[in-house]
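What follows is calculated from the coordinates using simple rules that are stated; it is not laboratory data. Keep in mind it's a predicted model, so treat the numbers as computed, not measured. Here the Cβ positions follow ideal geometry from the backbone for every residue, glycine too, while neighbour counts run over all protein chains shown.
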Amino acid sequence: MTLSEALIQYLANNAANLDSYAHQELHRFGRTVGLERQVETLAPPTVADYAEAVVAAGGDVHGRLSPLKDFLAYLKKHNFSSHSLAPHVKIPRATQRAMLASKAAQDSIPMTKEGKKLLQDEMDTIKSGRTGVIDAIRLAAADGDFKENAPLDAAREVQGKAEARVRELEETLRRSIILDPKQGKGVRVGSVVVLQDLGSGKNVTYKLTDSAEADPLGGKISIVSPVGEALMGHNPGEEIAVQTPKGERKYFLSTIK
């Protein structure tokens, strides 16, 4: 069995557990050591040298080597290789991914109850469509041409984008903190404000939200937008100056609902 054939079988059988990043890294390994070589010719030194090169390059070492380690374990388990290759993939304990995850865990994301529900609904919708994407990958992989398979590449891309969005949503929801706009003083996340544009005299109503749920056309502005940032912490009766690309604009904060 060639490495290309082994990859096709592995990716098809494990489509539900692999995202496009894993596909990419496994394909990178195949191109590096040779897709047409026989699996049995893969020796521990070859695998170890590849893993050491990945570690030396830095970056997301864990993300690049974990899929490879699982694939090599699969080869041994199914008797495609007589060598125990997985143990030769050494992954350092401290990786960039772990450090980024630790930093992200320290930051909370304030949002409204409605905004959190919207994100939860989006994630549920994406997850419910996984079966269709997995079936598309299995069908494309069955074609047998791993090197030039446009449907397989397209299905992988769709899966990769969906899984990346799910991870992003999961992290955002995990870090979310629901704030009650009626608690505390001044404008904050969830506050509904009525402003008078001192230039035109017109009144506008905005709801302050996190950037994840901002919808300017729907009257929801992010707390990191120019107007949102300028409003945070202010109270009714105060005048607000906002720096915009067209110059400074002034608003009178009439009410907070």
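A few remarks follow.
- Residue 135/residue 62 FRET efficiency (R0 35 Å; Cβ-Cβ; nearest 0.05): 0.75
- Taking GluC sites (Glu not before Pro) across segment 209-238, the ones in a DSSP loop with at most 16 further Cβ atoms lying within 10 angstrom of their Cβ are 238.
- Isotropic mean projected area of the C-alpha convex hull, segment 165-254 (nm²): 6.6 nm²
- Around the amide H of residue 80, modelled in the peptide plane, lies no amide H under 5 Å away from a residue 5 or more places distant or on another chain.
- Sites residue 122 and residue 41 - FRET efficiency at Förster radius 41 Å, r taken between beta-carbons, to 0.05: 0.30
- When each of 185/257; 185/246; 161/220; 113/207; 113/185; 90/127 is checked by Cα-Cα distance, pairs over 21 Å: 185/246; 161/220; 90/127
- Fewest-first sequence of 244, 32, 46 by Cβ atoms within 10 Å of each Cβ: 244, 32, 46
- At full extension, residue 16 and residue 33 could sit 3.5 nm farther apart than now, given 0.36 nm per residue minus the alpha carbon distance.
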